[in-house]
1. Which value does Rg/Rh take for segment 607-691 over its C-alpha atoms, Rh per Kirkwood?
2. Principal axis extents for segment 886-978, Cα atoms only, whole Å, descending order, please.
3. Using just the C-alpha positions of segment 791-882 as equal point scatterers, what log10 of I(q)/I(0) does the Debye formula give at each q in 0.17, 0.18, 0.21, 0.22 1/Å?
4. What order do you get for 487-493, 606-612 when each peptide is scored by the mean count of other beta carbon atoms within 10 Å, highest first?
5. By DSSP, what percent of the beta bridges with both residues in segment 982-1075 are antiparallel, rounded to the nearest 5?
6. On a straight-distance basis, which lysines could pair with Lys387 in a cross-link, Cα separation under 30 angstrom, same-chain partners fewer than 8 positions away excluded?
7. Based only on other Cβ atoms within 10 Å, what is the fewest-to-most ordering of Asp552, Asp87, Asp867, Asp788?
8. What share of Cα pairs, in percent, lie more than 17 angstrom apart in segment 251-385?
Amino acid sequence: MASRLTVLRERVFGNSSGRKAKVVSTICALLGLALAGELGLAQSNSSQPPAISTSTQWTLDAPVLASSSASGVPSNGFSMQGGFSPDGTHLLFWSRSTNISPAATSGFSELYLKDLTTGQVSVVSADANGVEGNNDSTNPNNSSQILMFSPDGTKVVFESAATNLVSPGANGHQHIFIKDLTAGAVTLVSVDANGIQGNSNSMDFTFSPDGTKVAFDSASTNLIPGGTAGNQVFVKDLATLAVTLVSANASGIAGNGASSFPVFSPDGTQVAFVSTSSNLAAGATNTHSQIYVKNLQSGAITVESADANGNEANNDSLYPMFSPDGSKLAFNSISTNLVPNVPSFNSEVYVKDLALGAITLVSADANGVPANGNSTQLGAFSPDSAKIAFQSTSTNLMSGANGASQVFVKDLLTGSVTPASSNAAGVLANGNSVMPALSPNHLALAFQSSSTNLGVNSFTSQIYVRSIFTASGAVVDSAFAAGLSTAGQLAFSDSDANDTHTATVTAQASDLGAVTASVPKDSTGSGTGGVVRWNYQVDESQLHGLTAPATDNFTLTLTDSQGCIATTAIVVTALPQDFAVTNTTSGSTPTSSSTSTSSCPTLTVTSSPSSLTVTSGQTALFSAAATGSPAPTVQWQVSSDGGATFTNVSGATSTTLTFAADMSQNGNSYRAVFANSTGSVTSSAASLTVNTAGATTSVASSKNPTVFGQAVTFSVTVSATTGTPTGTVTLFDGASTIGTAALGSTGAAAFTTSSLAVGNHSITASYSGDSNFNASISSAFTQIVNLDVPTVTVNSSPNPSPFGQPVVATATVSATAPGSGTPTGTVTFLDGLTNLGAANLVNGQASFTISALTSGLHSIMATYGGDGSFSQNSGTAGLTVSKASTATSLSSSANPSIINQTVTFTATVSAVAPGAGTPSGTVTFSDGTTGLGSASLVNGQASFTTSSLAVGSHSITASYAGDGNFNSSSSTMSQTVNKASTATSLSSSANPSSIGQPVTFTATVNIVAPAAGTPTGTVTFSDGGTTLATAPLSSAGTATFTASSLALKSHAITAVYSGDASFNGSTGSLTQNVQYAICAQYDQTRSVQGGATFPIKLQICDVAGNNLSSQSIVLHATAILAASGVAGPVQDSGNANPDNDFRNVGGNGSNAGYIFNLDTSGLATGTYALQFMVQGDPVQHTVMFGVN
């Protein structure tokens, strides 16, 4: 058996359920480009562009150690087999280290979870309290790409021999467990449907793609009814707990050999596994391990480790793995008959087309020559099915191989082989590197290596992760997704270490899909290490209709903070057929070409000023523009000598030059000089001509009539036959001055005002004149200003609002353009025709709070009354008052309760804020789906009382039906009804009893309050450990038993009530003493003279008076007890009774008896009892006598 190997596979991209997979191959070339330097005057430094690494289309970043503590300390024990989480942010691996986590220091092999973002490490193979497993957790054998994570990444399946992970503990065999990473709970999986643990080792596990099942192999014989023999493959349903045998033929007969290494198909309907059985499928009868695929729905099973003609492999095949699209199966084999020209007994990796039967050798160099090493194994597909990572000791897959096991990546489209187990300089690892795993997003690769030249010189196996830089990929049409996607990332650098970068993508109109790009890691501060990540997505429906390949073209632009850009084409070619395992000479590899450009804006004049002719006093305006990076500065210059010399115009540093022309500037030339760090450029020059003329004054209005607040511009023109008048003009409204302004360069001035009151205005303009022109006054005209009709808008907040929430209605009264100003006065609010109230405008707004609206649609109207500048108007807006949401809470007066106990369930229904008020209506109480009853709400509460709940757990639901203003809601609680406690008492009809006397024992079973009811069942009577009898309980709660042959002794009598469906059992007990009956042979009322001897004569008898006296039974006097008078010690008269023992008379038989000659010396007159013990009798006896 090969070493335990696996690579984690965590995302399903397709299935094989009769659908034709489609592949989109993405090819993108990004070239490093030079960018211009930063612009600026008097600077000699220059900007540099970003450079995007494009040495190949699929490259790997330097290896990064993953098997380390949170502080980065390398593991000090053997670490192996890394597997990514579904989102690629976490990595699972096994290690015997004691320094990775303070929670695992035993040196056992434990499973760890590494957060690749934060570096934090946690122990997975630990119990719910975080205590590490007390034995090894080991990596599986079944593949290098099993699903250890559930699809949502919250659970992990693993195997361990630890006994302390679950309670009660595991039985010491290797078992399969599931760890909840959120709650910490651990569940044992390798158990039968009733939870009985497997009775042998279970291993080689995997989640199903949907996370509802776990497949594993096990040597346990007790996992399914009827049992199994040997090592078999099983599937455990995590919902129903059912266990299904997988390694069986189509008739359900278990394989007659060892079966192992299960993996699920991407759609979860099939399981591939390895078996040495000869009875599983037709065509597979030799004793070598073969690869089988079992259909879990139909039961059909096929052998797949066969050549294209269906002939089974002639030697062992191991490690099956489905492609993510489900159409193919990878495995490794030492067979020589699968494809031609494979060296004998060489372990090679193959890919089998499950639909066509074709089989292809993967472990070959780019020219198809098979690997020459004998340890080539473990095919791990990339998420897009286009690549396979595998390990090999072969020396012919690439130049420089050193004989150590290396990790390679085979491109199934081009046939190229890329080494993955190398350092940042490309030097192959100098120790064995194995167990490759590709992240689900195709952005990282993990592997295990004992090399010392990958960055850690610890001389033990470590886990490394390498980022993948790729501009190509393939996506597969998957039954689990509505869209297709592929992603890639590329490295870039920028020698300008202070630059930041952004990435954008431009699409063409004909593109089927879309590409987005981001810069998850910038080169800022270092100049190197930048990453551009791109993602292509297309709706699969866009491809289903394709009859020929279609191409999407995009332009990716990387822009630095200085405006320098690098652009390249991303070409996505949609191929409407499955990918083919080819080599570079097959001619079927998708190809594309792309170009890239790079530029920084150069310093260039884009427009020069134009020559200008103006009249004296007019504005002269020149403009110019230039482009460059950095943005250039500008300086205007003037020449008064015909362009022979130019001088700077003070303060003229914008792209426009504006000034008022006069006659002294006639004939000047003007130009602009632009400069940045790359140099300077000068625009062409423009000339200025200044003329003179006569003048007249006129005034005009921009709008007449206007409304209040509307801006009106009065244009005053002072014209002359030659030249342009200068000076000022004054504008009048009747006799009132509106304003004064200087004439512009065109002899015009404008006055804009919006402050004219409503009414008629007489407007005139007066020119003051200058040294060349006389003053003048324009003709008057009438400007009319009317009332403005305002705009009234109504806004209710919140809207919609729940019932009970106060609503603020706000009316905004504003001038209607072109009018302006702020209306004043009052606003009246109405709900339909109902007057709600009024409010004064403040800064054009009036607000009114409404707090009593019923649920429904309301029309809120705001009516403005008008003022001196604004007319009346109104506005309306709809307001929706919805039913308020409610929250129902449910409580129990007693939980848990006991059988027949009265329980009151109280439902409290309250409005959910911002709703308010007290709900009304009814609440229905139910037990599961069974209705219990209903009650009306009173002050928001309703109660229901019952005493009829059966023993068990009840799901009690209170459902509020809602009313006109409140929505329904419900609440559910679990009510536990326990059995009632009982107390059993035990009594005896005679205690002590005599030998042979019948004794009736009565057990009374009482109910412990607050429970009620009548217990049923039986009571078992026992004498010590001996069961005497079992009697039923009567309706009065009693049970009796009569014993007639109890032996002479103390008996520990117990009565055990069995309990019933409603009442718990209980126990009562007593001590029953069985004694001899004493038959006195004298008159016990007789007295003797004090000091005389009193002969005490007696026999010991049974209850019927039969004499049981015997020489072997000793009677011993112990004390004299005074019934009246004073007691004394027992005294023997004449030493006739040695040691105070009675003397036997008559021997044995019916005349036998006992005598004790009692000395009464010292006893006062009175009645006494002689106390004595009978050998074997638990009770002390007395006989009476008197002294006179």
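Just so you know, all these numbers are worked out from the coordinates, no wet-lab data involved. Note that the coordinates shown come from a computational prediction; the quantities given were computed from them, not determined experimentally. When we count neighbours, we look across all protein chains shown, and the Cβ atoms used for this are built from the backbone with ideal geometry, even at glycine.
1. Numbers: Rg = 12.9 Å, Rh = 13.1 Å.
A ratio of 0.99.
2. 41, 20, 19
3. For the requested q values the scattering log ratios are -0.65, -0.72, -0.92, -0.99.
4. With the highest mean Cβ count within 10 Å placed first, the list reads 487-493, 606-612.
5. Values: 32 of 34 bridges.
The antiparallel proportion sits near 95 percent.
6. Correct list for Lys387: Lys20, Lys22, Lys114, Lys155, Lys213, Lys294, Lys328, Lys352, Lys410, Lys521.
7. Details: Asp552 22, Asp87 14, Asp867 18, Asp788 25.
Sorted ascending by nearby Cβ count, the order is Asp87, Asp867, Asp552, Asp788.
8. 55
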